[in-house]
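For reference, the structure discussed in these notes is given below.
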């Protein structure tokens, strides 16, 4: 996981590396991990901040992959490194802007918020602080839109919110999105990313896997199309449920996709794993992904798939 | 009330009766069937056909060993993807022949390893959930020891979920939970108390329908007592589920899982 984290740091909001370190939820990037980083949260962020100040001018960022330093705006709306084509993570609003036709997205259930089924100490506070930081209520947004003129339901997860772990809100919003799509005979596209189940909700979070799966099954039985787009990182209980249930499963290049966390596997087998293990390309080779699609091509690829399934030509 | 972590210890006892112990005690004429037809016969999952009284049924279990040799053979009850695919094959076979399905669950979780990832552990569990959601025969699962996360849920998407009194069912082991959230696996006992993993807690949450009693100290102390009790309850419940019209059965299954979630809006 560490290796991976160094390579793929969230760019949601202003935080960059600061955001991923020293926060208990960074541990959630691998839900099935038995042991996570033992680094103390407190001293880490200021140190990193200092390092950054020395070498990276304000308003600029340093690519964690190729080390190039450039102004943030050079990433463009797709957030791709201009030097090495590394993909930064998109937040869900950026993703919706990228996929849905301009002005077409109507959000569902925008006010839904988590409760605290285990009475886990500090959970409400954690949620509240993330809500303030991200402007989101929880880790997924769902809604209706058109894509290249074709009507569809869209769900997008956001790794900036507790590593998009799946609790009641993620499960409920996605279930409702599938139910809406079934009722209105619409295709559905879900952009997945997740650290897996949300520990703080315990067994209730595990039950979300079954709940969403049942709604996917109904949508599927109605003969409707479900496209999954796996984005970095998709792991744990989300991989073991709706991420792998699409009729067509697309992925962004190099996205980390797996069931178990890398560290858990390394501890189990007592050896280091190669870098490309659990990358999208690894899944493609083993037959678990239909197609790896570059970020800039995603809207068109999805539109083309919708076109084949809708039997009518959309307004492009 | 016994602390939750004491139940975890009982649930993990090597002497605890296994899936095959229950299968052999409760059913008659068990014929074991092997393999997923794709890759391998995963011995962490056993299954086959048998009679419950005079009703033909399909029975499946996640199998742990009682000694090192057995445990190596069945990978300590941690299935690979082909184990879940074998289970699904047998469930689809049950559907074809209209047989109810009874699943015995006892796993710390789905196996985490290179082969498991290469062969799609996530996909295998996801496929089971998708197919079980609409499988057209009654299904009951019984958690007889550990019910570890997605690896247990992959056999527990059933019309009824029951637990033995000293079994546990959780999103992650208490050790894993404590180490992720508190960076300290030694706080497992504290985690266990918080997580609501006991049969009693889960009955209250509506995650399960029934708790099956065990002898004091655990069912290994009087296996016949628990097994007979369970047999009696299955003999009542399976025919009752078979009476239900298919639509009703499937709608109830959908609603059974649909209800989980705590949120405001």
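Computed from the coordinates by the stated procedures, all read-outs in this text should not be read as laboratory data. Here the structure is a predicted model, which means the values were calculated and not measured. Cβ atoms come from the backbone with ideal geometry, glycine included; neighbour counts cover every protein chain shown.
Mind checking the mean number of beta-carbon atoms from other chains within 10 Å of the Cβ atoms in B:155-165?
1
Order of B:59-66, B:214-221 by packing, highest average Cβ count within 10 Å first?
Sorting B:59-66, B:214-221 by mean packing, highest first, produces B:59-66, B:214-221.
Taking Cα centroids, how far is region A:160-231 from region B:52-111 in Å?
What the calculation gives is 27 Å, centre to centre.
For a footprinting-style exposure proxy, rank A:268, B:226 by other Cβ within 10 Å, fewest first.
In order of increasing Cβ crowding within 10 Å: A:268, B:226.
Got a sec? Which residues in region B:65-85 would a label at residue B:131 touch, if it sits 7 Å along Cα→Cβ and we count backbone N under 19 Å?
B:79-85
Would you mind classifying region B:4-251 by shape? Square roots of the alpha carbon gyration tensor eigenvalues, ordered a ≥ b ≥ c; an a/c under 1.5 is rounded, otherwise it is prolate if a/b is larger than b/c and oblate if not.
rounded
Using only the Cα atoms of the protein assembly as shown, what are the Rg and Dmax in Å?
Values for the protein assembly as shown (Cα only, Rg and Dmax): 23.5, 78 Å.
What residues from region A:223-248 fall in the zone where the backbone N is under 20 Å from a label point 7 Å along the Cα-to-C-beta line of residue B:205?
What the label zone holds, given the 20 Å backbone N cut-off, is A:236-242.
Taking 0.36 nm per intervening residue step and subtracting the Cα-Cα distance, what contour gain separates residue B:39 from residue B:6 on full extension?
Stretched out fully, the residue B:39 to residue B:6 stretch lengthens by 8.0 nm.
Return the percentage of antiparallel bridges among DSSP beta bridges fully within region B:4-251, rounded to the nearest 5 %.
Once the DSSP bridges in region B:4-251 are tallied, antiparallel ones form about 40 percent.
At residue A:106 and residue A:286, where each label point lies 7 Å from the Cα along Cα→Cβ, what is the point-to-point distance in nanometres?
Each label point is offset 7 Å from its Cα along the Cβ direction, giving 4.2 nm.
Highest first, please rank the peptides B:189-197, B:92-100, B:172-180 by the mean number of other Cβ atoms sitting within 10 Å of their residues.
B:172-180, B:189-197, B:92-100
For a footprinting-style exposure proxy, rank B:54, A:294, A:158 by other Cβ within 10 Å, fewest first.
Starting with the residue having the fewest Cβ neighbours, the order is B:54, A:294, A:158.
Can you order the peptides B:151-164, A:128-141 by their average number of other Cβ atoms within 10 Å per residue, highest first?
Put in order of decreasing packing, that is B:151-164, A:128-141.
Helix-only estimate, please: 222 nm mean residue ellipticity of chain B, summing -39500 (n - 2.57) across DSSP H runs of length 4 or more and dividing by its residues, to the nearest 500.
So the helix-based figure for chain B works out to -13500 deg cm²/dmol.
Using a 10 Å cut-off around each Cβ, can you sort A:71, A:172 from fewest to most neighbouring Cβ atoms?
A:71, A:172
Given the Cα-Cα distance of residue B:228 and residue B:97 and 0.36 nm per residue of separation, how much length would full extension add, in nm?
The residue B:228-residue B:97 span can extend by a further 44.5 nm.
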